[in-house]
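Q: Let me begin by handing over the structure; questions about it come next.
The values are calculated or read from the model by the stated rules, or taken from the named source; none is laboratory data. Everything numeric here is computed off the predicted structure, so don't read it as measured data. A quick note on method: Cβ atoms are made from the backbone with ideal geometry, for glycine too, and the neighbour counts reach across all protein chains shown.
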Amino acid sequence: MNDINAELNIAVRPCDGRVTGHVAVPEGVTEIDAGAFARQRAMTSIALPRTLKSIGDEAFIGCTSLREVVLPEGLLVLGARAFRNCVNLKRVFVPSTLEVIADQAFSSCAKLERVDGGSGVYGICTEAFAGCKALVSCEPLRYALDIGDRAFNWCNVLSDVVFPDEMVFIGEHAFRHCLALEGVAKPAHVDYMAPDAFDG
């Protein structure tokens, strides 16, 4: 017999119908499947449970009415393109338990202004924030050791960039066309910084 206190592995499967307004995912849910809320354009906000461990690929892609997302402490996996093209998303909180921001996780979120938290993040993957043209501040950059190719490509107004001394890798075109950057201190121990990392 299973331990009565064992954590339940409950998943939110892809929605069949139209979701509107505020959605509260109940406590006990540990996983949101790939594409679960994809292109639910009438969903305006979502509350995620403290039990959540994983958000699948494209789980919230194209949710164009979302304005703020608080990823809960305890989240371990954020899938590729999870919030891609959430064009009205303005603010995101990243928990300390998340270590990697996956490929294109927030790409093309044109109104995203701030990403707070993220003290446990060591990797920001390819195009994670590409095309976030309103992004001013991304706090996980203070902790990340590996920045993927084009991670912040076309983040036109990004101005608050501080790298940790322990950073080891900055990929190709990582900060291409970040026009508001006036200067960035090179990390003390970086192993590789692409020659075109700050192109444009």
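Q: Could you please let me know if SER45 is hydroxyl-bearing (Ser, Thr, Tyr) and either touching a Phe, Trp or Tyr at 6+ places or on another chain (Cβ under 7 Å) or not in a loop (DSSP other than H, G, I, E, B) (or both)?
A: yes
Q: Looking only at the stretch 64-78, count how many residues are part of a loop (DSSP other than H, G, I, E, B) and either farther than 15 Å from ALA24 by Cβ or among the aliphatic types (A, V, I, L, M) (or both).
A: Adding up the residues that qualify gives 9.
Q: Restricting to the stretch 38-69, name every residue that is surrounded by fewer than 16 Cβ atoms within 10 Å (Cβ to Cβ) and among the hydrophobic types (A, V, I, L, M, F, W, C).
A: ALA42, ALA47, listed by residue number.
Q: Turning to a different aspect of this structure: Against the definition (within 17 Å of ALA80 (Cα to Cα), surrounded by fewer than 20 Cβ atoms within 10 Å (Cβ to Cβ), within 12 Å of the chain's Cα centre (by Cα) and not acidic (Asp, Glu)), how does GLY117 come out, yes or no?
A: No; evaluated as a whole, the condition is false for this residue.
Q: Identify the single condition in (1) in contact with a Cys (Cβ under 8 Å, 6 or more places away or on another chain); (2) surrounded by fewer than 17 Cβ atoms within 10 Å (Cβ to Cβ) that PHE93 does not satisfy, given that it satisfies every other one.
A: PHE93 satisfies every listed condition except (1).
Q: Does ILE170 satisfy the condition of being over 25 Å from LEU71 (Cα atoms), in contact with a strand residue (DSSP E or B) (Cβ under 6 Å, 6 or more places away or on another chain) and free of Cβ contacts under 8 Å to residues at least 60 places away in the same chain?
A: Here the answer is yes, as ILE170 does meet what is asked.
Q: Could you list, in sequence order, the residues of the stretch 129-173 that are outside any loop (DSSP other than H, G, I, E, B) and within 14 Å of ASP116 (Cβ to Cβ)?
A: Listed by number, the residues that qualify are SER137, CYS138, GLU139, PRO140, LEU141, ARG142, ASP160.
Q: Could you give every pair whose Cβ atoms fall below 6 Å, whose first residue belongs to the stretch 31-54 and is under 11 Å from VAL12 (Cβ atoms) and modelled with pLDDT of 95 or more, and whose second residue is of a type in the set (D, E, K, R) and part of a strand (DSSP E or B), counting only separations of at least 6 or pairs across chains?
A: Note: pairs meeting the criteria are SER54/GLU31.
Q: Looking only at residues in the stretch 136-185 that are buried (at least 19 other Cβ atoms within 10 Å of the Cβ) and of a type in the set (Gly, Ala, Ser), which one is nearest to the chain's Cα centre (by Cα)?
A: ALA151
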